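Everything below concerns the one structure shown next.
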Amino acid sequence: MTKLKVGIIGCGGIAQGVHIPNYLKLHKTVEIAAVCDVSMERAKACSEKYHIKKYFSDFKEMIDNADIEAVSVCVPNKFHAEATIYALHAGCHVICEKPPAINVQEAKEMANAAKTAGKILTYGFHYRHSNEVQAIKRFIENNELGDIYAAKSVAVRRRGIPGWGVFTNKELQGGGSIIDIGVHMLDTTLYLMGYPEPDMVLGKTYQKLGNRKGVGLMGEWDWENFSVEDMGRGMIIFKNGASIILETAFAANVQKDETMQVSLMGDKGGADVFPVQIYQEKHGSLIDIHTPYLEDKDYYELEFERFVNGCLNKDTPISKPEEGVILQQIIDALYESSYTGEAVKIK
């Protein structure tokens, strides 16, 4: 059986915690041929830990010399576009961690590179692959919710500012809770709604808790150099008349340690996704539908299975570059609206 030869760009937490372990589960169809990190020491340590033959400190050198067919981009957001575009032009399929990039122009360039190269470009929106999301998607495809005209995306932590990595560095990440965790629930909502075309965005960001010492449920963060928002809120109106309310926070004075939720409202039914619950009016009664059983398969496993199958068998990935452009448009507009104090019209 032909094996897909994969290279890893960036040997940090997401690479070693998600990408490499899930490729190793697919060892019958995947070979991790090389790893790369700007720290040669870290690249070497990663290669030794996972018994990967080659390691590099320059991703271009790895792509040019390691005989790879697909790449995982696991570097800070600022470097997504450069690594992705180079890999695509070199003939590699790419799975890039979310968000697509720092801004919409980069996301467009990435999408254009994938189209020109005729290669797969997909993003690490793993919630799409969850059993809950796919179950709701089936209800939607069978018209159980009807016209979904309103939705709410929530990604809120009580005190969940990451105490590692560069998540609080605006220059390297492009923002805070919106672009890091908010994009997960926003992408999930857009996916379930069919990725409608955005028309108007109103956003507001806050930096109230992250720039001072406090209790950290995800480690002690660098509050003295905290340069991103710890909360973001927004409303997105689409050209088809639908709307989404977004609420996201690394840190907020709320009850639960973390809430990740998508709520949908259609003219035939509504739904909460995590866990799956459907709300309808039928036969003169208001009814709630619960799912006592869903197949329990890890969404990361499904994400990488689908990526590898796409590369080997030309299956269409469920996260597409064009959707990444729309998502990045909305993210950019949320930040712009907060900065200007005005709603942003998306052209």
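The values are calculated or read from the model by the stated rules, or taken from the named source; none is laboratory data. Everything quoted here is computed from the prediction, not taken from an experiment. Cβ coordinates were reconstructed from backbone atoms using ideal geometry, including for glycine residues, and neighbour counts include every protein chain displayed. Quick note on the areas: whole protein, heavy atoms, side chains included, nothing else; ligands and nucleic acids left out. Shrake-Rupley method; radii C 1.70, N 1.55, O 1.52, S 1.80 Å.
Condition check ((1) polar (S, T, N, Q); (2) in contact (Cβ under 8 Å) with a residue 24 or more places away in the chain; (3) open to solvent by less than 70 Å² (accessible area, probe 1.4 Å); (4) assigned to a loop (DSSP other than H, G, I, E, B)) across all residues:
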site	(1), (2), (3), (4)
Arg233	no, yes, no, no
Ile237	no, yes, yes, no
Asn240	yes, yes, no, yes
Ile244	no, yes, yes, no
Thr248	yes, yes, yes, no
Gln255	yes, yes, no, yes
Met260	no, yes, yes, no
Leu264	no, yes, yes, no
Lys268	no, yes, no, yes
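Out of the residues in segment 315-347 meeting the condition of being of a type in the set (Asp, Glu) and part of a helix (DSSP H, G or I), tell me which one is surrounded by the most Cβ atoms within 10 Å (Cβ to Cβ).
Filtering segment 315-347 for residues of a type in the set (Asp, Glu) gives 315, 322-323, 332, 336, 342.
Among the residues that remain, those that are also part of a helix (DSSP H, G or I) are: 322-323, 332, 336.
Values: Glu322: 14, Glu323: 21, Asp332: 23, Glu336: 14.
Checked segment 315-347; the qualifying residue surrounded by the most Cβ atoms within 10 Å (Cβ to Cβ) is Asp332.
If a residue must be among the aromatic types (Phe, Trp, Tyr) and surrounded by 21 or more Cβ atoms within 10 Å (Cβ to Cβ), how many such residues does segment 41-88 contain?
Final tally of qualifying residues: 3.
Where in segment 89-208 are there strands (runs of 3 or more DSSP E), lying fully within it, with 2 or more residues that are closer than 19 Å to Arg233 by Cβ, touching a helix residue (DSSP H, G or I) at 6+ places or on another chain (Cβ under 6 Å) and open to solvent by 10 Å² or more (accessible area, probe 1.4 Å)? So that I can check it myself, show each step before the final result.
Working: elements: 93-96, 121-123, 148-157, 198-206.
Where strands (runs of 3 or more DSSP E) fall fully within segment 89-208 and carry at least 2 residues being closer than 19 Å to Arg233 by Cβ, touching a helix residue (DSSP H, G or I) at 6+ places or on another chain (Cβ under 6 Å) and open to solvent by 10 Å² or more (accessible area, probe 1.4 Å), they are 198-206.
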Problem set entry | Residues of segment 31-87 that turn out to be part of a helix (DSSP H, G or I) and touching a Cys at 6+ places or on another chain (Cβ under 7 Å), as a count | 8
Problem set entry | Failed item in (1) of a type in the set (A, V, I, L, M); (2) open to solvent by less than 20 Å² (accessible area, probe 1.4 Å); (3) under 30 Å from Lys25 (Cα atoms), with Leu312 passing the rest | (2)
For this session: Could you list all residues from segment 1-29 that are open to solvent by less than 10 Å² (accessible area, probe 1.4 Å), of a type in the set (A, V, I, L, M, F, W, C) and under 18 Å from Val308 (Cα atoms)?
Result: Leu4, Val6, Ile8, Ile9, Ala15, Ile20
Seminar exercise, completed: Within segment 279-304, residues touching a helix residue (DSSP H, G or I) at 6+ places or on another chain (Cβ under 8 Å) and surrounded by 15 or more Cβ atoms within 10 Å (Cβ to Cβ) come out as Tyr299, Tyr300, Glu301, Leu302, Glu303, Phe304
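What do you reckon, is Lys119 over 29 Å from Ala87 (Cα atoms) and in contact (Cβ under 8 Å) with a residue 24 or more places away in the chain? Show your work before the answer.
Numbers: over 29 Å from Ala87 (Cα atoms): no; in contact (Cβ under 8 Å) with a residue 24 or more places away in the chain: yes.
Answer is no for this residue.
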Exercise. Is there a residue being small (Gly, Ala, Ser) and farther than 26 Å from Ile346 by Cα anywhere in segment 178-189?
Worked result: no
Exercise. Taking segment 209-230, which residues are within 20 Å of the chain's Cα centre (by Cα) and surrounded by fewer than 21 Cβ atoms within 10 Å (Cβ to Cβ)?
Worked result: Met218
